[in-house]
Amino acid sequence: MLVGFTWTTAQAHGPVFSPAPETIWKGGTEVTLGYHRDDAGPQTGQEAFLEIEHGLTAQWEIGVQVPFVSRAEGDLSSDGLGDIVLGTKYQFWKRDLPGAQYKAAGFLKVKVPTARTETVPQLGSGSTDVIGGLAAGYESRRWYWFASGVYRLNSEGDDGLVKGDRQSLNLVGGIRPFLSEYDEPDTVIMLELNWERDGRDAVNGQTLANTGGWQLFASPVLWWTYRQVAVRAGVQIPVAWKLNGNQPRAEYRAKMEFVYHF
Amino acid sequence: MMKSVLLTLTMLVAIPNIGSAEDSMHTLDGHSLYRLQIEGLVCAFCAYNVESRLHALSGVEYVDVDVESGRVLVGMEPSQDLDDAQVQKVIKEAGFSLVAVDRRPMTLEELSRR
């Protein structure tokens, strides 16, 4: 089941495959160049994307993600502009402690159908979809944890297909193995647990048998930061799944991001 | 490296003036020094944010962030002072909490510990 790319907002402090409560500071801009690969049986998807986020206040940010997508299925392949995602996030709670921070945020994103759908395989769904969720987390000099829940509401695409809505729950733990000084490179390792459930797709009100189901991923992640530069990478490995009917499950997903703060 | 150079230069300039008069104890050669205590500071990425925003304030000559302790040393240009309300606003907008602004006389020993 090639389920499309994640819509996680890139955050230097956040997990790679799930959302974080982090927001960029007032007037700050975060630029991310990323690469994402998704392999599922005969289907392969690759995505290079540019994401820009801007802090309107210390708690409220807006962002846009512009992907360039390449998809392959058997001998067929297509590539081009993917579906652009517009988003906003508001951090509604924060508690600062010496060398630590608790925080929680809500976010809302809209995926607009900018990708071509007449190609085989399709580059986009042709639908305008909405994704919303909550994320909370704790960061300290040594330890990290994050938790989040996300709901993705899909609408009808150009061909009358309504993809099933998706829910996901994520738990993340992390550690900074070496306490670095400000002017030293900083490394954090994390393990994410990402559970995803997709509803069945439907055409003209009829559900499709070989769609929907759930998958659980274990995802080791590495961050490396130096002052305003960050490199983040991770791999999602499926550890449990139950997919409806006959459909290929994810073999792995990989993601790498280069982040710069202005 | 920059931190060490700045510290050395500051100390060299400061040595003849330390202790010369009571009202100059909190300044080194006319350069006001402030020590800020910040909560929520976790990593170098946070520190860059704080450093760059403080640097953008008028009259700030240098900024030195200690991530481990959450302490930030701000050195001002001669005859310049750090405005309390302004620094409070800057730290809040950076996403952290300013819990103290220390204007006590800063000794060479304190400086050398940084």
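The values are calculated or read from the model by the stated rules, or taken from the named source; none is laboratory data. Being a predicted model, the structure only gives us computed values, none of them experimental. Cβ placement follows ideal geometry from the backbone for every residue including glycine, while neighbour counts extend to all protein chains displayed.
The table that follows gives values for the structure above.
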read-out: Matching residues in the range A:224-243 - criterion: being in contact with a Leu (Cβ under 9 Å, 6 or more places away or on another chain) and either without any contact (Cβ under 8 Å) to a residue 60 or more places away in the chain or within 14 Å of another protein chain (Cβ to nearest Cβ) (or both); value: A:VAL231, A:ARG232, A:PRO238, A:VAL239, A:ALA240, A:TRP241
read-out: The range B:52-84 - residue that is facing chain A (nearest Cβ under 8 Å) and not in a loop (DSSP other than H, G, I, E, B) and, of those, nearest to A:HIS261 (Cα to Cα); value: B:SER52
read-out: Residue match in the range A:107-116 (condition: touching a Pro at 6+ places or on another chain (Cβ under 7 Å) and surrounded by 19 or more Cβ atoms within 10 Å (Cβ to Cβ)); value: yes
read-out: Exclusive hit being within 11 Å of another protein chain (Cβ to nearest Cβ) and polar (S, T, N, Q), set A:SER155, A:SER168, A:SER148, A:SER180; value: A:SER180
read-out: Failed item in (1) under 30 Å from A:THR119 (Cβ atoms); (2) under 19 Å from the mean Cα position of the chain (by Cα), with A:GLY160 passing the rest; value: (2)
read-out: Top-ranked residue of the range A:65-105 - restricted to ones that are closer than 12 Å to A:THR23 by Cβ and under 15 Å from the mean Cα position of the chain (by Cα), ranked as surrounded by the most Cβ atoms within 10 Å (Cβ to Cβ); value: A:LYS89
read-out: Given (1) closer than 15 Å to A:GLY14 by Cα; (2) in contact (Cβ under 8 Å) with a residue 40 or more places away in the chain, index of the condition A:THR187 fails; value: (2)
read-out: Residue within the range A:89-110 that is under 20 Å from A:GLU196 (Cβ atoms) and among the polar types (S, T, N, Q) present; value: no
read-out: Among residues of the range A:186-200, those that are surrounded by fewer than 19 Cβ atoms within 10 Å (Cβ to Cβ) and more than 12 Å from chain B (Cβ to nearest Cβ), counted; value: 7
read-out: Test: residue in the range B:23-34 that is part of a helix (DSSP H, G or I), modelled with pLDDT under 85 and either away from chain A (no Cβ under 12 Å) or loosely packed, with under 14 Cβ neighbours inside 10 Å (or both); value: yes
read-out: Candidate set: the range B:85-102, residues that are surrounded by 14 or more Cβ atoms within 10 Å (Cβ to Cβ) and more than 10 Å from chain A (Cβ to nearest Cβ); chosen: the one modelled with the lowest pLDDT; value: B:ASP102
read-out: Candidates A:ALA115, A:ALA135, filtered to the one that is at pLDDT 95 or above, of a type in the set (Gly, Ala, Ser) and under 22 Å from the mean Cα position of the chain (by Cα); value: A:ALA135
read-out: In the range A:94-116, the residues that are in a strand (DSSP E or B) and within 14 Å of chain B (Cβ to nearest Cβ); value: A:LYS94, A:ARG95, A:ASP96, A:LEU97, A:ALA100, A:GLN101, A:TYR102, A:LYS103, A:ALA104, A:ALA105
read-out: Residue list for the range A:37-46, filter: surrounded by fewer than 21 Cβ atoms within 10 Å (Cβ to Cβ) and under 19 Å from A:GLU257 (Cβ atoms); value: A:ARG37, A:ASP39, A:GLN46
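Rundown of residues vs (1) surrounded by fewer than 16 Cβ atoms within 10 Å (Cβ to Cβ); (2) part of a loop (DSSP other than H, G, I, E, B); (3) in contact with a Gly (Cβ under 7 Å, 6 or more places away or on another chain), yes/no style:
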| position | (1), (2), (3) |
| --- | --- |
| A:SER127 | no, yes, yes |
| A:ILE131 | no, no, no |
| A:TYR138 | no, no, no |
| A:PHE146 | no, no, yes |
| A:VAL150 | no, no, yes |
| A:GLY164 | no, yes, yes |
| A:LEU169 | no, no, yes |
| A:LEU179 | yes, yes, no |
| A:GLU184 | yes, yes, no |
